Amino acid sequence: MKLLDSLRFRMAALFGRAQIRAEMEEEIRSHIEHRADDLVRSGLNRTEAERRARVEFGGREKCKEEIHEALGSNFIGGLLQDVRFALRVLRKSPGFTFAAVLTLALAIGANAVVFGIFNGMILRPLNVPQAESLYGTEYGNNPGWQSYPNYLDLRDRNRSFDGLAAFNFVFPGFDTGKNPSGSSGYTTSGNYFDVLRIQPYLGRFYHAADEHGPNSAPFVVLTHAFWHSRFQDDPGVVGRTVFLNKHPFTILGVAPPGFHGTVSFAFVDFFMPIVNEGQIYGGSTLDERGSNVTVFEVFGHLKPGVTLTQATADVNAVGAYLEKTYPQDFSHKSTPLSRQGLTVFGGAVTAFVAGLMLLAGLILLAACANLGSLFAARASDRSREVALRLALGSSRKRILRGLFTEALLISLAGGAVGLLGSVALLRRLSTWQPIAAAPARLPVAPDAKIYLVALLLAVVSGLLFAIVPVRQVLRANPYEIVKAGSNARLGRRMTVRDVLLVVQIAICAVLVTSSLVAVRGLARSLHGNFGFEPRNAMLLNVNLAMAGYSGDQASAMKRRMFDAMGTIPGVEHVGWVNDYPPLAYGSNFRSNVYKEETTDLRQANTAATPFRYNISPGYFEAAGTSLLTGRGFRWNDDKGSPSVAVVNREFAVKIFGSVAQAMGRDFKLQDGTRVEVVGVVEDGKYLSLNEDPQPAIFLPALQSPSSTFYMVVRSERDPEQLAAAMRSKLRELDAGLPVTITTWKTVLSLVLFPSQMATAALGVLGMMGAMLSITGIFGMAAYSVSRRLRELGIRVALGAQRKEVLQAALGRPLKLLAIGSATGLALGIFAGKVLAYIVYQATPRDPLVLGGVVLAMLLLGLVATWIPAQRALSIDPLILLREE
Amino acid sequence: MNDQAQLLPGTLDLLILRAVSLGPLHGYGILLRIGQISDNALLIEQGALYPGLFRLLRQGLLKASWGTSENNRRAKFYELTAAGRKRLREETESWNRLVSAMASALSQQPEEI
């Protein structure tokens, strides 16, 4: 009963505030009338009695306020009141409110986006059960686990994993009977899905028991996305036959939605058993222990209780055993294990995202510093109002509560706007396919966590900048301020606001430095020397196996295509490279090479492991690779003639000592073939832009045929016209040929992607930093001019020159700007070392970058102080002095 | 001036409960009643009464309804709820205990310690 009454009363207190107010009013009136009645009875006349009664009652407003307080330990009611008041205050200065909300929206938005990337790329890289115990080898460092026999040994001999699975990528033609097209998939070990502990969405998965040797398991499992886009969610696909590179495969089932393979940024179409890879490639490397192209990565769940260190030691022990047993084919390198999902990019991605988080955090800090000083400035402008309220009996606690409410309203509004923007941006990012040729996307779709983080950031930053003026309010002495007016304290010493401004400018200078470093790095990597010339070159990619050509047929077809391209008007050079050209996705074939005197061809005795390309005559001319000495290949460098090679400068120096000494010398391949060096070409980039000079060898394509190749067509013609001409020539040869024609630059987008992303991200953050410092300096300068208008007016009246006025008005903000910029520049140079991890050739000790930063900061200062300076110069002392 | 006792913190609520326990009263009536039952020794500032009344209402110790006073004016009458009655009993007991304890403590003579 009591509870109910109390509850009813509270509800009434909350919702019927106006009613309660009226009732209070009436009750007080009734009280005063009763008192007046008594006073009349004691002999006063009515008017006098009522006056006395009112006086005796005392402050009615104070009484009502106290009643409210008695009710209003009612938290929500008090809060609503505070909010209403804060909204009124903020509405009175829409410019300030807008600027503050916008600043925070940008800062919180940037942080939310960066968190979304962190969350998507690092916190939850794979959408599978117990992903945290899923560890595997890293692609790219060639520790020997790229061969299938080695994988089998590791699977059976290790004692650390609960089952070990292997997979690789495959890009066959996918034909449902009417519309053949390119596709992307995984070849996987039979136990792949069981190791991952996932269940099919539809139908069934294949298992280890389905494998009975090469080409024994012609099954595919579709990803949910591919089932949706290609088969329109048709549940009848299970059991249907499809053709991969013309070989029949049975659809077994569909993988659960959200699972798209075990590399987090690759979104493939299907999975198939690796034992059937021979059907796709027209030949298999399953039994080659020395192969480094069969398996992409090997992974599994660590057994309960096994630590990463133990597992790594275990894997390395198996490696050492295999090296001893198979010295010809296996040279063990220490194997790092990493969380499955980001492969070899894990370290780089983590460093990049950590860097971004740091910079975004700095942005938020700068925004808080900015708003903190704005709030402090407002608080001192409002010091009269505060003093008046204190004098009228308001408590400091109440005033501070108002201040915090204002700050939190602004930060929550900013947070909400920022969050909406960042969620939209992340949605766009997660569906964006940055590299046209590869099925790669950023797994950054936003989830619930991001809302929480944005809320947290908003509240924390609100509290952070509301703290700045607290001391000012606590120290405010109402009598002093009311007496002296707001200009009472015009200190010359360094205030909190000055420090905040310096911090903010320093942060901004760091951001500007970083983004300039990144932009310079990108510019250099775009115009760097790749060892070939991507401009004016078209790439024609054909998979002849997909079209049914093989062996000699394929070689003949290649030659016909080569000749046909050469007849197109305007085409200067044509050549081809088997499999992939340098710097293209998947171009990392390496071969073991021995010195000619080495007889024991065990892996430990290799002289080098250069990149290896099989190229046609004319390739160097078409690619724009310059020949330093010797010759390129000729059409008679074919199967019947002695083995010859062209090597790059790095290889020549490493193996033979110099370019001149390399000519005519021999080296040996893994199978013992002696190869004679007939030419040396310049160094280039082969796998990534920031690699050190790497050895490379070029062998005649005619001596090792392959069904997939890229044909390079060099011409000054417009790329679209050229592509059309190439297509029509190809149609004359074979209308059913599946070809892709792109510019070489497009293909390079893969290797340029990381620097481009870094540059874009740093550029945006740098812009935001610049904007923040403009508003910061502007705020400071405008404020200092407006506070000192009277003083400046007197100076003008006493004959001060323009220069002196400007110095008086803006000297201080500009001095702070200089201090801040210098600090920021120093920090930025330091931060450049971090940037070098991400951005190719990033060095802040670049005169252009240094000059750019100084210039940028000067410009920012000029822009930000322009309006306040104009105002200071246009002071009319007469008007000003009359006003006061 | 000093024949009126200073109110101890917390005693206002008890006085209001006591005043109202003798029958429903409006605010001004409560003031008069407190003066009457304390022989005008305890005088409460008129404005200070109402926050106390609202506090007790909120705690569910009092309930209020509008009615007509002896002066034929509209007024809000307060009366005890069951919880209020219980609280009055408890507070009175604990107050009495405190008073007798204080009285005993203050009346001790030095040689008796």
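Numbers at a glance
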| quantity | calculated |
| --- | --- |
| Lone unmet requirement of (1) under 19 Å from the mean Cα position of the chain (by Cα); (2) in a strand (DSSP E or B) for residue A:121 | (2) |
| Of the criteria (1) surrounded by fewer than 17 Cβ atoms within 10 Å (Cβ to Cβ); (2) part of a helix (DSSP H, G or I); (3) in contact with a helix residue (DSSP H, G or I) (Cβ under 8 Å, 6 or more places away or on another chain); (4) not hydrophobic (A, V, I, L, M, F, W, C), which one residue A:721 fails | (3) |
| Hey, residue A:751 part of a strand (DSSP E or B), more than 30 Å from residue A:552 (Cβ to Cβ) and touching a residue at least 40 places away in the same chain (Cβ under 8 Å) or not | no |
| Matching residues in region A:241-259 - criterion: being closer than 30 Å to residue A:737 by Cβ and surrounded by 14 or more Cβ atoms within 10 Å (Cβ to Cβ) | A:242, A:243, A:244, A:245, A:246, A:247, A:249, A:250, A:251 |
| Among (1) touching a Lys or Arg at 6+ places or on another chain (Cβ under 9 Å); (2) under 22 Å from residue A:649 (Cβ atoms), the one test that residue A:702 misses | (2) |
| Residue A:106 being assigned to a helix (DSSP H, G or I), at pLDDT 85 or above, within 14 Å of chain B (Cβ to nearest Cβ) and over 26 Å from residue B:56 (Cβ atoms) | no |
| Where residue A:543 falls short, out of the listed (1) in contact with a Ser or Thr (Cβ under 6 Å, 6 or more places away or on another chain); (2) surrounded by fewer than 18 Cβ atoms within 10 Å (Cβ to Cβ) | (2) |
| Index of the failed condition, residue A:146 passing every other in (1) out of contact with any strand residue (DSSP E or B) (no Cβ under 7 Å at 6 or more places or on another chain); (2) assigned to a helix (DSSP H, G or I) | (2) |
| Criterion: away from every other protein chain (no Cβ under 14 Å) and at pLDDT 80 or above - qualifying residue of A:45, A:127 | A:45 |
| Residues of region B:62-113 classified as of a type in the set (Val, Ile, Thr) and away from chain A (no Cβ under 14 Å), total | 3 |
| Selection status of residue A:132, at pLDDT below 85 and more than 25 Å from residue A:256 (Cα to Cα) | no |
| Search result, residues across region A:213-253 that are closer than 19 Å to residue A:189 by Cβ, free of Cβ contacts under 8 Å to residues at least 60 places away in the same chain and not hydroxyl-bearing (Ser, Thr, Tyr) | A:217, A:219, A:220, A:221, A:222, A:249, A:252, A:253 |
| Scan of region A:605-649 for residues that are in a helix (DSSP H, G or I) and surrounded by 19 or more Cβ atoms within 10 Å (Cβ to Cβ), ordered by number | A:619, A:620, A:622, A:623, A:649 |
| Which listed residue is surrounded by fewer than 24 Cβ atoms within 10 Å (Cβ to Cβ), at pLDDT below 80 and assigned to a helix (DSSP H, G or I), from A:800, A:782, A:818 | A:782 |
| Residues located in region B:35-58, provided they are of a type outside the set (A, V, I, L, M, F, W, C), surrounded by fewer than 18 Cβ atoms within 10 Å (Cβ to Cβ) and within 9 Å of another protein chain (Cβ to nearest Cβ) | B:45 |
| Which listed residue is surrounded by fewer than 23 Cβ atoms within 10 Å (Cβ to Cβ), out of contact with any Cys (no Cβ under 7 Å at 6 or more places or on another chain), within 21 Å of residue A:168 (Cα to Cα) and of a type in the set (Asp, Glu), from A:288, A:323 | A:288 |
| Flag if residue A:264 is in contact (Cβ under 8 Å) with a residue 40 or more places away in the chain, under 32 Å from the mean Cα position of the chain (by Cα) and surrounded by 17 or more Cβ atoms within 10 Å (Cβ to Cβ) | yes |
| Residue within region A:526-540 that is part of a helix (DSSP H, G or I), without any contact (Cβ under 8 Å) to a residue 12 or more places away in the chain and within 30 Å of residue A:279 (Cβ to Cβ) present | no |
| Failed criterion for residue A:811 (all others in (1) assigned to a helix (DSSP H, G or I); (2) crowded, with 16+ Cβ neighbours inside 10 Å hold) | (2) |
| Residue A:27 vs. criteria over 60 Å from the mean Cα position of the chain (by Cα), within 9 Å of chain B (Cβ to nearest Cβ) and either assigned to a helix (DSSP H, G or I) or modelled with pLDDT of 85 or more (or both) | yes |
| Those residues of region A:207-252 which are more than 40 Å from the chain's Cα centre (by Cα) and assigned to a loop (DSSP other than H, G, I, E, B), in sequence order | A:211, A:212, A:213, A:214, A:215, A:216, A:239, A:240 |
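The rows are residues; the columns are (1) at pLDDT 75 or above; (2) under 14 Å from residue A:109 (Cβ atoms); (3) in a loop (DSSP other than H, G, I, E, B); (4) β-branched (Val, Ile, Thr).
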position: A:344; (1), (2), (3), (4): no, no, no, yes
position: A:368; (1), (2), (3), (4): yes, no, no, no
position: A:399; (1), (2), (3), (4): yes, no, no, yes
position: A:403; (1), (2), (3), (4): yes, no, no, no
position: A:411; (1), (2), (3), (4): yes, yes, no, no
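Per-residue answers, yes or no, for (1) modelled with pLDDT of 85 or more; (2) within 14 Å of chain B (Cβ to nearest Cβ); (3) part of a helix (DSSP H, G or I):
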site	(1), (2), (3)
A:64	no, yes, yes
A:79	no, no, yes
A:86	no, no, yes
A:101	yes, no, yes
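One line per residue, one yes/no per condition, for (1) modelled with pLDDT of 85 or more; (2) of a type outside the set (Ser, Thr, Tyr); (3) touching a His at 6+ places or on another chain (Cβ under 7 Å):
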position	(1), (2), (3)
B:3	no, yes, no
B:23	yes, yes, no
B:42	no, yes, no
B:50	yes, no, no
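The values are calculated or read from the model by the stated rules, or taken from the named source; none is laboratory data. Everything numeric in this text was worked out from a predicted model, so none of it was measured. Here Cβ is always computed from backbone atoms with ideal geometry, including for glycine, and neighbour counts include all displayed protein chains.
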